Amino acid sequence: MKKILLLSTCMLVAVFAKAQWGEEEMSEKPTFRERVFTGGGLGLSFSDSYDYVSVSPLIGYRITPKLAGGLQLQYRYTKYKYVTPKVSTNDYGVAPFLRFNLYGPLFLHAEYEYLNFEYPVSAGESVRMDYNSLLLGGGFFQPLGRSAGFYVVALYNVTYSDPDPGEFAPYDNPLVLRVGVTAGF
């Protein structure tokens, strides 16, 4: 549950993007530049147990006015404070995605996430593992002017399974909630 709250908090803190799309009219023969969008995310969380920083740039391509695909890179740094000496970990990942604008502000989202993550096992020692997720769900995007907006996304990890004793996973359960504000540069 803490990881869901952490993820929600991180996404709520700030996500900077120019990734608004779906309602704009595309010209009859849009240029490559009109189809490409960029963006990304920045997440921060600080607590008594750990500090967390996340950076996730993305690039996407509007296949049609309602369908877009893209690739998001991920880097996460976590400093665990509940062990002595403190342990810092680094996670790396990539997540290709598809997003379909249903109607107005509603959209469907599909994402495959590959994550190479570290998990602290004792003071000064961590384990590095690979983790694959297929996330499916939908969301709501509300523009806030020409280059900003608010979004809520609820995703379900259909490949999630509870780790066995002695195993580790980057998520506590299959539900991933993301809430954020986008702001274009």
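The values are calculated or read from the model by the stated rules, or taken from the named source; none is laboratory data. The structure displayed is predicted, hence computed values, not measured ones. Cβ coordinates were reconstructed from backbone atoms using ideal geometry, including for glycine residues, and neighbour counts include every protein chain displayed. Ligands, DNA and RNA are stripped out before the accessible areas are found, and what is left, the full protein with its side chains, is counted by its heavy atoms. Shrake-Rupley method; radii C 1.70, N 1.55, O 1.52, S 1.80 Å.
Give the calculated FRET efficiency between ASP48 and THR159 to the nearest 0.05, with a Förster radius of 35 Å applied to their Cβ-Cβ distance.
The value I calculate is 0.65.
Can you tell me the Rg and the Dmax, both Å, for the Cα atoms in the stretch 92-137?
15.9, 51
Can you give the percent of C-alpha pairs in the stretch 18-174 whose distance is more than 24 Å?
Cα-Cα pairs of the stretch 18-174 separated by over 24 Å account for 43 percent.
What is the distance, in nm, between label points placed 7 Å from the Cα along the Cα-to-Cβ direction at ARG128 and at LEU98?
It is 3.3 nm.
Can you give the accessible area of THR64, probe radius 1.4 Å, in Å² rounded to 10?
Approximately 60 Å² of THR64 is accessible to the 1.4 Å probe.
Kindly report the accessible area of the stretch 38-84 per residue (heavy atoms of protein chains, probe 1.4 Å, no ligands, DNA or RNA), in Å².
Values: 2350 Å² over 47 residues.
On a per-residue basis, the stretch 38-84 sits at 50 Å².
At 1.4 Å probe size, put ASP162, ASP172 in order of accessible surface, largest to smallest.
ASP162, ASP172
Tell me which residues come under 5 Å, amide H to amide H, from LYS81 once H is placed; ignore anything under 5 positions away on its chain.
Placed amide hydrogens put TYR50, ASP51 under 5 Å from LYS81.
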